[in-house]
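**Q** Could you have a look at this structure, given as structure tokens, before my questions?
The values are calculated or read from the model by the stated rules, or taken from the named source; none is laboratory data. What you see is a predicted model, and the numbers here were worked out from it, not measured in a lab. For neighbour counting, all protein chains shown are included, and Cβ atoms are generated from backbone atoms with ideal geometry for every residue, glycine included. Surface accessibility is based on the protein's heavy atoms, side chains included, excluding ligands, DNA and RNA. Shrake-Rupley method; radii C 1.70, N 1.55, O 1.52, S 1.80 Å.
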Amino acid sequence: MGYPRLGGEGGKGGDVWVVAHNKMTLKQLKDKYPQKRFAAGEGANSRVSALKGSKGKDCEIPVPVGISITDENGKIIGELNKEKDRILVAEGGLGGKLLTNFLPLKGQKRVIHLDLKLIADIGLVGFPNAGKSSLLSKISHAKPAIADYAFTTLKPELGKIMYTDFQQISVADLPGLIEGAHMNKGMGHKFLKHIERTKQLLFVVDVSGFQLSSQTQYRTAFETILLLSKELELYREELQTKPALLAVNKMDLPDAQDKFHVLMNQLQNPKDFLHLFEKHMIPERTVEFQHIIPISAVTGEGIDELKNCIRKSLDEHTNQENDAYHKKQLLNLHISNTVSYSEPPSKNAVASPKIDIT
């Protein structure tokens, strides 16, 4: 409340913030706050000894890093990608003042949804049984479940590649895609949402092709790549602009070398083969792989080369980002200097020579 007689202002209500913490999990949040209701403190009344009432206490909701926050209509409020990132989700009401007839206004009330997306340097993209789990166990210290049936990975697995200079690169093995994943078939959006948070993609395909079951159509390695690209495109087009590598797995199998040569010819001359496929299978743009590495997750063939290519690709990407950032900073500096020196002089100003900073 305000203080009408002395024109005092009541304190503003507290705000509700969502704050990211590295050691927090969604389960801890749910266990600690089972009611899932959060309220900030009320502002203090205006009084003779304190005409301006103090602000209400803010409320902080601790969440894991990687949270995407949406409102009840599905509109994105924001994302928290690193420790201590914070977003205002509900603002406290104004305290009583002359403008409000000295009566306090109600604070904002809203329902929010928290969606956790995995953050990794590299995301493994492939149909079930392409050997992604075996590959992850080979290049990192992760111990994912491995079996010869299609859906082995039911939740994301995260591993780290350790290099001799102590550089670490995180790799996420995400649940297997199937045709129609963009429509939420199979693991659908549970898989695809994580792809958004990875810096680069590593396609993993079986050199012999893929068949989900006896009821579904057999796909060659080239078809598999086309279909994976199409699923990414249909879910979110910008996913196709991410830097990508290709690991052709199971090179220890008979006739693998011949099949690999066929695949390389198809990838180098895709337009010669696209007419053979149905139109709905062909992506608007074919993915251009920075590196194509034949590997065997069973024998270890090509694994060291793959790790080196991953490192090289990420380093190049980081350098490009840094260059772009520095160019942007220089451009902003140039614009601000140009604006500050090109303002028209006032009537009483003394003319001075023009200074141009580049």
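**Q** Which value, in Å², gives the accessible area per residue of region 229-345 when a 1.4 Å probe is used on the protein heavy atoms?
**A** Details: 7490 Å² over 117 residues.
Value returned for region 229-345: 64 Å² of accessible area per residue.
**Q** In region 1-95, what trypsin sites (Lys or Arg not before Pro) fall in a loop by DSSP, with at most 16 other Cβ atoms inside 10 Å? List each step's numbers first, then the result.
**A** On the way: sites: ARG5, LYS12, LYS23, LYS27, LYS30, LYS32, LYS36, ARG37, ARG47, LYS52, LYS55, LYS57, LYS75, LYS82, LYS84, ARG86; in loops: ARG5, LYS12, LYS23, LYS36, ARG37, LYS55, LYS57, LYS75, LYS82, LYS84.
Listed in order of number, the matching sites are ARG5, LYS23, LYS36, ARG37, LYS57, LYS75, LYS82, LYS84.
**Q** Still on this structure, please answer the following. Under a no-solvent Debye model with one identical scatterer per Cα of region 197-307, what's log10 I(q)/I(0) at q = 0.13, 0.14, 0.20, 0.24 Å⁻¹?
**A** For region 197-307 at q = 0.13, 0.14, 0.20, 0.24 Å⁻¹, log10 I(q)/I(0) is -0.50, -0.58, -1.18, -1.50.
**Q** Another question, then. Based on the mean of other Cβ atoms within 10 Å per residue, sort peptides 273-281, 59-67 so the most packed one is first. It would help to have the intermediate numbers written out before the result.
**A** Numbers: 273-281: 10.8, 59-67: 18.9.
The most tightly packed comes first, giving 59-67, 273-281.
**Q** With a 1.4 Å probe and all protein chains left in place, how much accessible area per residue does region 25-137 have, in Å²? Could the numbers behind the result be given before it?
**A** Working: 6750 Å² over 113 residues.
On a per-residue basis, region 25-137 sits at 60 Å².
**Q** I need the peptides 117-125, 98-106, 218-226 ranked by packing, meaning the mean over residues of other C-beta atoms within 10 angstrom, with the highest value on top. Present the calculation step by step, with values, prior to reporting the outcome.
**A** Details: 117-125: 23.2, 98-106: 13.8, 218-226: 20.6.
Packing order, densest peptide first, comes out as 117-125, 218-226, 98-106.
**Q** Normalise the Cα radius of gyration of region 1-110 by 2.2 N^0.38 Å (N = residues in it) and let me know the number.
**A** Details: Rg = 16.9 Å, N = 110, 2.2 N^0.38 = 13.1 Å.
My calculation over the Cα atoms of region 1-110 gives 1.29.
**Q** Another question about this same structure. Straight distance only, please: which aspartates and glutamates reach the Cα of LYS279 with their own Cα at less than 17 Å, same-chain residues fewer than 8 apart left out?
**A** LYS279 reaches GLU179, GLU223, GLU231, GLU233.
**Q** How long are the semi-axes of the ellipsoid equivalent to region 74-142, from square roots of 5 times the Cα gyration tensor eigenvalues, in whole Å, largest first?
**A** Working: eigenvalues 484, 32, 11 Å².
Rounded to whole Å, the semi-axes are 49, 13, 7.
**Q** Among LYS75/LYS242; LYS138/LYS271; LYS193/LYS312; LYS117/LYS230; LYS132/LYS328, which pairs are too far apart, with a Cα-Cα distance over 29 Å? Walk me through the intermediate numbers first.
**A** Working: LYS75/LYS242 24 Å; LYS138/LYS271 35 Å; LYS193/LYS312 26 Å; LYS117/LYS230 22 Å; LYS132/LYS328 38 Å.
As for pairs spanning more than 29 Å Cα to Cα, those are LYS138/LYS271; LYS132/LYS328.
**Q** Rg to Rh ratio, region 274-333, alpha-carbon atoms and Kirkwood radius?
**A** That ratio is 1.21, to two decimals.
**Q** Let me ask you something else. Counting alpha carbon pairs within less than 8 Å and at least 6 residues apart, what relative contact order, in whole percent, applies to region 1-156?
**A** Values: 345 pairs, mean separation 40.7, N = 156.
Over region 1-156, the number comes to 26 percent.
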